[in-house]
Amino acid sequence: FLKRRKSWSRYPPGPTSLPFIGTMLQIDFHNPHLSFTQLSKKYGNVFSLQNCWSNLIVVNGFKAVREALVQKSEDFADRPYFSIYEHLGYGKNAEGVVVARYGQAWKEQRRFALSTLRNFGMGKRSLEQRVTEEAGFLCSAICSEKGRPFDPHFLINNAVSNVICSLVYSERFDYDNKKFQRLLHLVEQALNEEAGFLPQLLVVVPWLLLIPGVPQRVFRSQKEVLDFTNELVKEHRTTWNPTEKRDFTDAFLQEIEKAKEHAGSSFNDNNLLLVTVDLFIAGTETTSTTLRWALLYMLLHPDIQCKVHEEIDKVIGRDRSPQMEDQANMPYTNAVIHEIQRYGDIAPVGLPHMTYRDTELQGFFIPKGTTVITNLSSVLKDETVWEKPHQFYPEHFLDAAGQFVKREAFLPFSAGRRVCLGEQLARMELFLFFTSLLQHFTFRLPEGQARPREVARFATTRSPHPYQIQAVPR
Ligand code: HEM
């Protein structure tokens with residue numbers, strides 16, 4: 001008892017907690033990373049908060065985040081339990097991957113997802129061709145805008161989403177497919193539904209969800225996204241031939257068959273839906289948001305765009321499509337893409353972690369079962385690491401000779417056991433889509449249009465406000 005009391009005396013400091021709501025009023029839930037960075041100035045890089053009665057630790061800056069995610073990876077590998085997802089069908093042995101607790105079901109699904117995506121081409125030439133083909137469709141669609149101002153948002157979303165849909169469902173959707181466009185809008189709304197004060201309150205006071213109509217009202221789009229993807233899976237089943245593996249869904253269906261004798265397997269119908277939805281949402285929103293920041297930064301920095309054009313012309317030329325092999329010969333473009341990810345900072349607070357056992361961080365005691373927020377934004381903009389943390393500066397990733405340099409604090413995909421499962425796919429997509437777009441077009445701000453805002457909207461991801469663009473064929 002005394003030992004435990006001594007440990008608790010080393011619990012991280014934090015603002016004073018009020019009855020019932022704890023420290024929730026200290027956080028702007030529409031910009032949590034900014035509130036966290038502000039609070040870290042007062043309480044240090046590891047500080048505590050309380051959402052109602054639920055304890056929370058926020059970890060800031062490269063050193064502390066690296067210690068948690070890399071050096072003590074397993075201690076921080078769990079996820080908090082979200083009962084708000086129960087109405088969507090989450091439960092025992094059906095937790096998908098993204099919010100799954102650290103344990104057997106998560107390990108099984110993560111291993112399966114990684115190996116299956118690799119079998120279907122992640123990190124290989126076959127997938128490279130699929131991405132290049134999709135980039136070609138995207139360029140044609142942009143070309144048909146004939147240099148008129150347009151908002152690239154849903155074209156990019158659709159193109160990126162088609163890559164993950166090909167892997168998971170063997171399907172791609174034309175850019176004028178109204179039903180698919182509706183799904184993409186729903187995905188955005190679903191992410192919006194998780195941001196703000198009310199959803200956070202429901203996470204810690206789940207009995208509020210028992211009030212009739214509350215889950216349906218607050219999380220309406222999430223339910224619709226699941227219903228929609230359920231249709232895709234059902235259609236898939238009607239054409240399924242157990243001797244053939246067309247895609248991720250087929251591979252999962254085979255595992256369900258194999259697991260029929262084992263009670264308690266995470267390969268079941270419910271989890272098929274949840275895992276594929278995870279891949280679909282995580283694989284669409286993040287990469288397409290990064291590409292939207294990419295075009296916006298090219299509008300705002302025509303000099304940098306010009307240098308990327310020069311490198312593309314020198315290394316790839318205008319007559320063939322970009323390939324992953326080109327990346328090694330394109331240090332400037334590679335640095336620009338890394339800087340887009342650093343400065344764009346699209347997952348500023350990553351996903352919540354939870355301590356799997358009692359542990360220590362930067363000398364503080366953190367008990368098992370504590371929710372841990374890794375403020376990735378504070379790493380990507382850590383003032384002790386980056387020369388110009390609050391400016392778009394591709395030179396962060398270049399040495400004096402203009403060669404590409406890796407930076408340890410580049411953690412947009414997080415790190416450790418729960419590191420982004422799609423990192424390799426995302427990197428391939430970012431390089432091939434970005435270079436294809438810049439090979440074909442010069443992107444300009446339409447005449448008379450105000451300079452687009454660099455401030456972001458936050459809804460799980462940090463994304464740009466809508467903007468118009470003019471694509472002039474090169
Ligand atoms: C998790 C970032 C693309 C699938 C994550 C996490 C981050 C992240 C920060 C949280 C890691 C943590 O908990 O510490 C990104 C970024 C992307 C991207 C910046 C693109 C630029 C993708 C793609 C896929 C994907 C294309 C699809 C295959 C996942 C999954 C997880 C995850 C399934 C959960 C992993 C787990 O809990 O074990 N991602 N991601 N991501 N990402 Fe990505």
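The values are calculated or read from the model by the stated rules, or taken from the named source; none is laboratory data. Since this is a predicted model, take the numbers as computed values, not measurements. Here Cβ is always computed from backbone atoms with ideal geometry, including for glycine, and neighbour counts include all displayed protein chains. For the accessible areas, the whole protein counts, side chains as well, though only heavy atoms, and no ligand, DNA or RNA atoms are used. Shrake-Rupley method; radii C 1.70, N 1.55, O 1.52, S 1.80 Å.
Looking at (1) within 11 Å of the ligand (Cβ to nearest atom); (2) crowded, with 20+ Cβ neighbours inside 10 Å; (3) not β-branched (Val, Ile, Thr), which one does residue 111 not meet, given that it meets all the others?
Every condition holds for residue 111 apart from (2).
How do the pairs read when you match residues in the range 322-338 that are over 23 Å from residue 133 (Cβ atoms) with residues anywhere that are open to solvent by 30 Å² or more (accessible area, probe 1.4 Å) and in a helix (DSSP H, G or I), using Cβ under 9 Å and keeping only pairs 6 or more apart or on different chains?
Hits for this filter: 332/307; 332/310; 335/395; 336/307.
Can you run down the residue pairs with Cβ atoms below 8 Å, 6 or more apart or on separate chains, where the first is in the range 394-416 and under 20 Å from residue 308 (Cβ atoms) and the partner is hydroxyl-bearing (Ser, Thr, Tyr) and away from the ligand (no atom under 16 Å from the Cβ)?
From residues that are under 20 Å from residue 308 (Cβ atoms), the pairs are 394/332; 398/332; 402/332.
Please give the number of the condition residue 469 fails out of (1) more than 14 Å from the ligand (Cβ to nearest atom); (2) farther than 23 Å from residue 276 by Cα; (3) open to solvent by 10 Å² or more (accessible area, probe 1.4 Å).
It is condition (3) that residue 469 fails.
Taking the range 379-394, which residues are crowded, with 23+ Cβ neighbours inside 10 Å and closer than 19 Å to residue 463 by Cβ?
The answer is 380, and nothing else.
Looking only at the range 69-108, filter to residues that are β-branched (Val, Ile, Thr) and within 14 Å of the ligand (Cβ to nearest atom); which one of those is surrounded by the most Cβ atoms within 10 Å (Cβ to Cβ)?
Top of the filtered list is 97.
If we scan the range 306-324, do we find a residue that is away from the ligand (no atom under 14 Å from the Cβ), among the polar types (S, T, N, Q), within 22 Å of the chain's Cα centre (by Cα) and open to solvent by 10 Å² or more (accessible area, probe 1.4 Å)?
The answer is no; no qualifying residue exists.
Residue 462 passes all but one of (1) assigned to a loop (DSSP other than H, G, I, E, B); (2) within 11 Å of the ligand (Cβ to nearest atom); (3) touching a strand residue (DSSP E or B) at 6+ places or on another chain (Cβ under 8 Å); which number fails?
Among (1) assigned to a loop (DSSP other than H, G, I, E, B); (2) within 11 Å of the ligand (Cβ to nearest atom); (3) touching a strand residue (DSSP E or B) at 6+ places or on another chain (Cβ under 8 Å), residue 462 violates only (1).
Restricting the search to the range 362-391, which residues are within 15 Å of the ligand (Cβ to nearest atom), outside any loop (DSSP other than H, G, I, E, B) and not small (Gly, Ala, Ser)?
Once the filter is applied, which keeps residues that are within 15 Å of the ligand (Cβ to nearest atom), outside any loop (DSSP other than H, G, I, E, B) and not small (Gly, Ala, Ser), the range 362-391 yields 371, 372, 373, 374, 376, 379, 380.
Based on what the data block shows, is residue 282 at pLDDT below 95, among the small types (Gly, Ala, Ser) and open to solvent by less than 40 Å² (accessible area, probe 1.4 Å)? Spell out how you get there, then give the answer.
Numbers: at pLDDT below 95: yes; among the small types (Gly, Ala, Ser): yes; open to solvent by less than 40 Å² (accessible area, probe 1.4 Å): no.
Here the answer is no, as residue 282 does not meet what is asked.
Could you list, in sequence order, the residues of the range 429-459 that are closer than 20 Å to residue 305 by Cβ, open to solvent by less than 20 Å² (accessible area, probe 1.4 Å) and in a strand (DSSP E or B)?
441, 443, listed by residue number.
Determine which member of the set 462, 457 is out of contact with any helix residue (DSSP H, G or I) (no Cβ under 8 Å at 6 or more places or on another chain) and either within 22 Å of residue 348 (Cβ to Cβ) or modelled with pLDDT of 95 or more (or both).
457
Being under 8 Å from the mean Cα position of the chain (by Cα) and more than 8 Å from the ligand (Cβ to nearest atom) is the filter here; which residues of the range 277-294 pass it?
Scanning the range 277-294 gives a single hit, 285.
What's the total number of residues in the range 343-393 that are of a type outside the set (S, T, N, Q) and farther than 19 Å from residue 101 by Cβ?
26
Here is a list of conditions, (1) open to solvent by 30 Å² or more (accessible area, probe 1.4 Å); (2) within 30 Å of residue 258 (Cβ to Cβ); (3) not acidic (Asp, Glu), and residue 229 meets all of them except one; can you say which number that is?
Answer for residue 229: the failing condition is (1).
Which ones in the range 401-422 are more than 9 Å from the ligand (Cβ to nearest atom) and either open to solvent by less than 80 Å² (accessible area, probe 1.4 Å) or not polar (S, T, N, Q) (or both)? Step through it out loud before you land on a result.
The first filter runs over the range 401-422 and keeps only residues more than 9 Å from the ligand (Cβ to nearest atom), leaving 401-410.
Once the filter is applied, which keeps residues that are more than 9 Å from the ligand (Cβ to nearest atom) and either open to solvent by less than 80 Å² (accessible area, probe 1.4 Å) or not polar (S, T, N, Q) (or both), the range 401-422 yields 401, 402, 404, 405, 406, 407, 408, 409, 410.
Testing residue 269 on (1) more than 25 Å from residue 160 (Cβ to Cβ); (2) modelled with pLDDT of 95 or more, one condition comes back false. Which one is that?
The failed condition is (2).
Only one of 398, 425, 437 is within 16 Å of the ligand (Cβ to nearest atom) and over 18 Å from the mean Cα position of the chain (by Cα); which?
437
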